[in-house]
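Enquirer: Have a look at this one before I ask anything.
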Amino acid sequence: MKKIFFFTLLVLLTACSDDIFEHPENSISMGEVSVTLTGISQLEGMEVQLRNTATNSLFTQTTDAQGKTTFSVTPGIYEATASGSHAEEGIAYTFNGTSGQLTVKSNETTAATIAMKSARTSQVIIKELYNGGCMADDGVTKFQYDKCIILYNNSSQQATLSNLCFGEGAPANAQTQNKNYTAEGKLTYEAEGFIPVWHGIWYFPSTLTIEPYSQIVVNVHGAIDNTQTVSQSVNYANPDYYCMYDPESGYTHTSYYPTPASVIPTNHYLKAVELGQGNGWALSVTSPALLLFQTKGTAPADYAINPGNQWYDGGQVSQVWLCAKVPNEWIVDAIEVFASSYKESSVKRLTADIDAGYVWLTNYQGHSLYRNVNKAATEALPENEGKLVYNYSLGVDGSTDPSGIDAEASIKQGAHIIYQDTNNSTNDFHERSKCSLRN
């Protein structure tokens, strides 16, 4: 069986201000990062990128036959990640790996060995995340009580999922000091095979079915017609939508959870288990690590309240930091978000086998994070002939869908969209100028 591999390696550099100049003449004293990929059969020709997070400068090279490449860089702290995919007998698999944080010094070589991990892609994906809020009509007040998640069946077969849950990685914001890294720059839970979800979980009370190439909208906060008070917001008064609303759980904050619009049926209300303190599941308005997962062999509520499944963010033993451990094999999809206003201080919370990258978000502008179209797969569907709309123009600041296909306009023409899914948010998502529900 012929196998096709596509790999992208992203090496993130945070430049230090110390030890950059070797001589008074301001010549630059460089260090080296030597990257080696392991665990895969096809090693040659992998694309390698270095990005200076202080300047956003990008450098690109490719690996040799041994899966190696070396960069000469200014001293600093690096994080190396790799991702790729292959298809075999109709099943899509992704491979990801990370080196953790690396310290690079002048005139020294720092070695980074990346062991690739595999994951099988799911039918159901996170198509869009709108969490950053928008501005009120006065142009001054910030409005954040209108978040939503859109799930999508990225296949031609009906998808049926039981015990489907949402969780948020810890800490809640990527720019918050992360105490879950070891001295070697590894996430403490990486070797244990789980991701901690902070504060609580939300889950569908019954089995969820999504038809082929179809979506469901899940309101996180404000399941009402928000446009009545904020014109740039979203109207969730739709009987097809779902919403996170469960006052009995302890999540009673009325700004987050006003009584849902009467047209939303009560059997579309998600249930919750609150673990932390506070009366709202405050999905980050700047930079969440969002997880979609299924509990296996146990009901979501039973799983969450079991002390054996609980963990404390940063080892801080207090209810404020209480999390639930989600095994990696339970995770259906995930997206890691970094805030555009904190480019130098954001660090990853998701391990590379779950999400090898991240996507930038500028909040309070009505922007959403939208999944890129798999151009080749979408164009290959015979039923899409004459239905695809091109010249997509809703990307933000050059961050656009590389396919050029306007997915929402094409869907309105009756096209079936297949979205890209490489388990790497850097490759899979772009920042959109407005939530698709406002089209």
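Enquirer: Could you work out how far apart the two model spin labels at Y342 and N439 are, taking each label as a point 7 Å from the Cα in the direction of the beta carbon, and quote it in nm?
Expert: 3.1
Enquirer: Using each residue's phi in the stretch 155-166, evaluate 6.51 cos²θ - 1.76 cosθ + 1.60 at θ = phi - 60° and report the 3J(HN,Hα) Karplus result to the nearest Hz, with x for Gly and Pro.
Expert: My calculation for the stretch 155-166 gives 8, 8, 10, 4, 10, 10, 10, 10, 6, 7, 10, 10 Hz in order.
Enquirer: Hey, rough spin-label estimate for T266 and E32, points 7 angstrom out along Cα→Cβ, what's it come to in nanometres?
Expert: My value for the distance between the label points is 6.9 nm.
Enquirer: Continuing with this model, one more query. How much FRET efficiency would the formula 1/(1 + (r/R0)^6) give for T62 and S214, where r is the Cβ-Cβ distance and R0 is 45 Å, rounded to 0.05?
Expert: On the way: r = 39 Å, r/R0 = 0.87.
With R0 = 45 Å, the Cβ-Cβ based efficiency is 0.70.
Enquirer: Tell me, in nm to one decimal, what length is gained between K179 and Q316 on full extension, where the rule is 0.36 nm per residue of separation less the Cα-Cα distance?
Expert: 48.4 nm
Enquirer: Hey, another quick one. With Kirkwood's inverse mean 1/r over C-alpha pairs for Rh, give me the Rg to Rh ratio of the chain, two decimals please.
Expert: Computed over Cα atoms, the ratio is 0.97.
Enquirer: Extending each Cα 7 Å along its Cβ direction at N391 and S156, get the distance between those two points in nm, one decimal.
Expert: The modelled label-to-label distance comes out at 3.1 nm.
Enquirer: Output the pairs from K127/K387; K127/K147; K147/K271; K271/K296; K127/K186 with a Cα-Cα distance over 25 Å in this structure; if there are none, say none.
Expert: K127/K186
Enquirer: Using the beta-carbon distance between T298 and Q277 and R0 = 22 Å, what value does 1/(1 + (r/R0)^6) give for FRET efficiency, to the nearest 0.05?
Expert: FRET efficiency, T298 to Q277: 0.35.
Enquirer: State whether the stretch 374-439 is rounded, prolate or oblate according to the following rule on the C-alpha gyration tensor (a ≥ b ≥ c being the square roots of its eigenvalues): a/c under 1.5 gives rounded; otherwise a/b larger than b/c gives prolate, and the remaining case gives oblate.
Expert: It comes out oblate by the Cα gyration axes.
Taken together, the values in this text are just the output of simple stated rules run on the coordinates, not laboratory data. What you see is a predicted model; the values in this text were computed from it and never measured. Methodologically, a virtual Cβ is constructed for each residue, glycine included, from the backbone with ideal geometry; neighbour enumeration extends over all protein chains shown.
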